[in-house]
Amino acid sequence: MSDQFLIFAGHEYYPSGGWKDFDGSFSSLEVARAAIGELDYYEWVQIVDQEKSAIVYSAYRDGSGVVHED
């Protein structure tokens, strides 16, 4: 079975688009959220639950570097 949670992240002005913004897959939401801290700089991030076909976590980083969860 493949990992259930997928991370997509990128830059607001220069998103790569679709799978090019894919940053990893994880077995649990908790592990996926922890992995966000290991990413290089990003302006937005989403975690998708493959079983639900839904975004289960979304956040963005403002110009000061502060992370805001949606």
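Note on exposure: Glu12, Glu43 ranked by accessible area (1.4 Å probe, complete protein assembly) read Glu12, Glu43, with the most exposed listed first.
In plain terms, the chain is cut at each of the chymotrypsin sites (Phe, Trp or Tyr not before Pro) found in a DSSP loop with at most 15 other Cβ atoms within 10 Å, and the longest leftover piece is 42-70. Dimensions of the chain along the principal axes, based on C-alpha atoms and rounded to the nearest Å, stand at 38, 23, 20, largest first.
Let me have the relative contact order for the chain, percent, based on Cα pairs under 8 Å that are six or more residues apart. Answer for the chain is 30 percent. Net charge dipole, the chain: roughly 100 debye, given to the nearest 20, about the Cα centre with Cβ charges of +1 for Lys and Arg and -1 for Asp and Glu. The heavy atoms of Ser27 offer some 80 square angstrom of accessible surface to a 1.4 angstrom probe. Modelled label positions at Ser25 and Val67, each set 7 Å beyond Cα in the direction of Cβ, lie 2.3 nm from each other. Applying a DSSP loop filter and a limit of 13 other Cβ atoms within 10 Å to the trypsin sites (Lys or Arg not before Pro) in the chain leaves Lys52. Could you list, bin by bin from short to long, the percent of Cα-Cα pairs of region 1-40 in 10 Å steps? Reading the bins upward from 0: 30, 50, 19, 1. Backbone amide hydrogens, once placed in the peptide plane, bring His11 within less than 5 Å of Ser16, Glu43, excluding anything fewer than 5 places away on its chain.
The values are calculated or read from the model by the stated rules, or taken from the named source; none is laboratory data. Fair warning: this is a prediction, and the values are worked out from it, not measured in the lab. Don't worry about glycine lacking a Cβ; one is built from the backbone with ideal geometry, like all the others, and counts go over all protein chains shown. Ligands, DNA and RNA are stripped out before the accessible areas are found, and what is left, the full protein with its side chains, is counted by its heavy atoms. Shrake-Rupley method; radii C 1.70, N 1.55, O 1.52, S 1.80 Å.
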